[in-house]
Amino acid sequence: MNWLTNFVKPKLSSLVKRRDVPEKLWSNCVSCGNMIHHKDLNENLRVCINCDYHFRMTAEDRIKLFFKNNEYSEIEINKISDDPLNFSDKKKYKDRLKEYRKKTNREDAFILLQGKIEDEELVIGLMNFEFMGGSMGRAVGGAIVKGAQISVEKKLPFIVVTSSGGARMQEGIISLMQMPRTIAAVDMLNENKIPYIVILTEPTTGGVTASFAMLGDITIAEKGATIGFAGKRVIQDTIREELPIDFQKAEYLKEHGMVDIVTHRKDLRETLHKVLKHIS
């Protein structure tokens, strides 16, 4: 028994031992259930090659999508004091911020740029879902206001790409105050006749939807994006009625007049350029 245990078994194990396989090589499509190799998924702009389902895309990848020749410069977001409410749940808010800053190499959930798409100059802000679910707190609200101010000053269209779970609960009422604050920024754009274009991506929900995200002069949505305030199940439980399968999806909102254009991700850059060309 000792001979089998100490020699034969380890020898067999070493012969049949699998080579180390890198983790996370595949993604499972939540729409069709097929497995997709990450290389194929990334080459296809994170769109399922089988059913066309649009996976979430990072803000960094969207920057590459819009600015193919790196024709942009980043605008620094104003730094603010962390954790005004001294908030803590399972972890201190200050510690969460440190964690996400290290993970994303970003100060907060909003990236502000000035650049060119083809021949059209613009100011663009992108919500970063990788940073605390793209939640809106003081830093995000301040960045949107700053982007609007620069657009007015330079007379450039302001584009915002949304991807957010809503208001940041760790900032409480201060987070909710960003809703009227960002609405006032949009009003400033309107008063100065500066075009404001919103691009809604998966997901756009909560206080973001209830404020600046639905106030665009032109509203573009990515195919299949979830857009709403409260969750579908919450609404169903409240009204005690079954909702349509495509409820809160981009296509449903377009049918009901809340979105102007629904576009495939591969056509998004060209669609935005056409809109900018038309309004310039």
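The values are calculated or read from the model by the stated rules, or taken from the named source; none is laboratory data. In this text the structure is predicted, and so the values were computed from the model without any measurement. Cβ atoms come from the backbone with ideal geometry, glycine included; neighbour counts cover every protein chain shown.
Annotations for the structure displayed:
- Candidates in region 123-150 are the residues that are outside any helix (DSSP H, G or I) and among the small types (G, A, S); of these, the one that is surrounded by the most Cβ atoms within 10 Å (Cβ to Cβ) is G137.
- Residue check, E191 farther than 24 Å from D82 by Cβ and in contact (Cβ under 8 Å) with a residue 60 or more places away in the chain: no
- Residue tally, condition surrounded by fewer than 12 Cβ atoms within 10 Å (Cβ to Cβ) and among the acidic types (D, E), over region 75-94: 2
- Residues located in region 151-173, provided they are surrounded by fewer than 24 Cβ atoms within 10 Å (Cβ to Cβ) and among the polar types (S, T, N, Q): Q170
Quick grid of which residues meet (1) among the polar types (S, T, N, Q); (2) in contact with a helix residue (DSSP H, G or I) (Cβ under 7 Å, 6 or more places away or on another chain); (3) outside the structural domain of T182 (by TED's automatic domain parsing):
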{"position": "N86", "(1), (2), (3)": "yes, no, no"}
{"position": "E99", "(1), (2), (3)": "no, no, no"}
{"position": "K116", "(1), (2), (3)": "no, no, no"}
{"position": "V140", "(1), (2), (3)": "no, yes, no"}
{"position": "A148", "(1), (2), (3)": "no, yes, no"}
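- Within the set M188, M179, the sole residue that is part of a helix (DSSP H, G or I), over 23 Å from I63 (Cα atoms), over 20 Å from the mean Cα position of the chain (by Cα) and not small (G, A, S) turns out to be M188.
- Checked against the criterion of being surrounded by fewer than 21 Cβ atoms within 10 Å (Cβ to Cβ) and touching a helix residue (DSSP H, G or I) at 6+ places or on another chain (Cβ under 9 Å), the candidates E191, E222, E270, E251 yield just one match: E191.
- Matching residues, region 191-219, being under 14 Å from the mean Cα position of the chain (by Cα) and either more than 13 Å from S164 (Cβ to Cβ) or of a type in the set (D, E, K, R) (or both): E202
- Scanning region 225-248 for residues that are touching a helix residue (DSSP H, G or I) at 6+ places or on another chain (Cβ under 7 Å) and of a type in the set (V, I, T) gives a single hit, I227.
- Residue list for region 151-171, filter: part of a loop (DSSP other than H, G, I, E, B) and under 13 Å from I80 (Cβ atoms): R168
- Residue ranges of helices (runs of 4 or more DSSP H) in region 1-91 with at least 3 members modelled with pLDDT of 90 or more and more than 27 Å from V161 (Cβ to Cβ): none
- Counted residues, region 148-168 - those being among the aliphatic types (A, V, I, L, M) and within 16 Å of P203 (Cβ to Cβ): 3
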